[in-house]
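Notes for the one structure printed next.
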């Protein structure tokens, strides 16, 4: 029956992509790429010292992306990512977007290959699972960098499976351009006393931090913090749409204070760290940390859910998964599509999946 269901995901994957394309206005395809393109342009053209100046960012985006008009999306990544975006800024915006889309598809293929190697399921079945997961399609069409995050975490998982925790930590640290997810993951490993992973992660963080400072200058640290605060205060942030605890609380309780939300996030994070303390010793700890970090992180949108397909596929392609764990993975796989207009409710099947995966999911080698 499970084999039949997995084959049935192939047409569902096509339906998911079609639904997303129809939901996006024609001029919104690749919209999120504008922040990445403009950041690469600023670093390449000697404007790195103003990288986190909101007014300069907006001016550059309107000039090089929209021809003097259009929206604005703030660039809030560490500056080291902009270095890798510099070559794309040499191309016209639309050409650069399609090159970036091609790169994302290539990275997605690499990730699928890693997931299917040693699995009882082939590339076709794994591909159908991944493409069914709506956040993957959102990432591709919007021009986001969450596929890069997924491939980095997949490589880190492989290193953990091969009992190379220091290397796994170094690799995971490269994903700090999504610090809102990676810092909670690091804190979980710290609480679990996975020291070698933490050493590797800290080494990457140190090197990338120095590189970022060398690009923008020390004076931009204050501007960066101020920009993050401005983004958090923005009324267009869309907190009720966040598929995590914060989005669920704000979406259902309306006037709840930010202090209460932060307290809830921290409290849940501590409870999960304690609950998973013993369980992570019998699992690939990173596969547990990813859904836990997504659930507790403070800032998250639909495309940021992309790395969740790593633990989902791990459960669904396991040789002997328990029935409840397998069905919870399928539920989470389809939830973003079913709850497209109420994405904060994805936190509920996510929590259920994490519970089932932690208790009954696939065992993995220990460090």
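Give me the angle, in degrees from 0 to 90, between the Cα long axis of helix 179-191 and the longest principal axis of the Cα atoms of the chain, rounded to the nearest 10. Once rounded, one gets 40 degrees. Measuring how big the stretch 310-349 is from its alpha-carbon positions, Rg and Dmax come out at 11.0, 35 Å. Fraction of C-alpha pairs exceeding 14 angstrom in the stretch 30-90: 46 percent, rounded to a whole number. Starting from 0 in steps of 5 Å, tell me what percent of the Cα-Cα pairs of the stretch 54-193 lands in each bin. Taking every Cα pair in the stretch 54-193, the percentages come to 2, 8, 14, 19, 18, 15, 11, 7, 4, 2, 0.
For the stretch 183-207, backbone nitrogen atoms closer than 20 Å to the point 7 Å from residue 262 Cα along Cα-to-C-beta are found at 183-188.
Counting neighbouring Cβ atoms within 10 Å and putting the fewest first, the residues 342, 303 line up as 342, 303. Once you sort the root eigenvalues of the Cα gyration tensor of the stretch 253-307 as a ≥ b ≥ c, which label holds: rounded (a/c under 1.5), prolate (a/b larger than b/c) or oblate (the other case)? Since a/c reaches 1.5 but b/c is at least a/b, the shape of the stretch 253-307 is classed as oblate.
Helix-derived [θ] at 222 nm for the chain: sum -39500 (n - 2.57) over DSSP H runs of at least 4, divide by residue count, nearest 500? It comes out at -22000 deg cm²/dmol, rounded to the nearest 500. Distances over 36 Å make up what percent of all Cα-Cα pairs in the chain? Summing the P(r) of the chain above 36 Å gives 19 percent of all pairs.
In terms of the Cα gyration tensor, with a ≥ b ≥ c the square roots of its eigenvalues, is the stretch 104-259 rounded because a/c is under 1.5, prolate because a/b exceeds b/c, or oblate? Walk me through the numbers on the way to the answer.
On the way: a/c = 1.71, a/b = 1.19, b/c = 1.43.
It is oblate, given that a/c is not under 1.5 and a/b is not larger than b/c.
Considering only 320, 57, 125, the mean-square fluctuation computed in a Gaussian network model of the chain, springs between alpha carbons under 10 angstrom, is largest for 320. Quick one: among 154, 289, 48, which has the greatest mean-square fluctuation in a GNM of the chain with alpha-carbon springs under 10 angstrom? In the Gaussian network model the winner is 48.
Within the listed set 278, 164, 31, the residue fluctuating most in the Gaussian network model of the chain (springs between alpha-carbon atoms under 10 angstrom) is 278.
Exposure proxy for 275, 189, 309: other Cβ atoms within 10 Å of each Cβ, ordered fewest to most, give 275, 189, 309. Compute the long axis of helix 347-360 from its Cα atoms, compare it with the longest principal axis of the Cα atoms of the chain, and write down the angle in degrees, 0 to 90, nearest 10. Computed tilt is about 40 degrees. Taking Cα atoms only, the orientation of helix 2-23 departs from the longest principal axis of the chain by about 20 degrees. Compactness ratio for the stretch 241-351: Cα radius of gyration over 2.2 N^0.38 Å (N = residue count) comes to 1.08.
Read-outs: derived from the displayed coordinates by stated rules, not from any lab. Every value quoted in this text rests on a predicted model; they were computed, and no experiment measured them. Neighbour counts run over all protein chains shown; Cβ positions are idealised from the backbone, glycine included.
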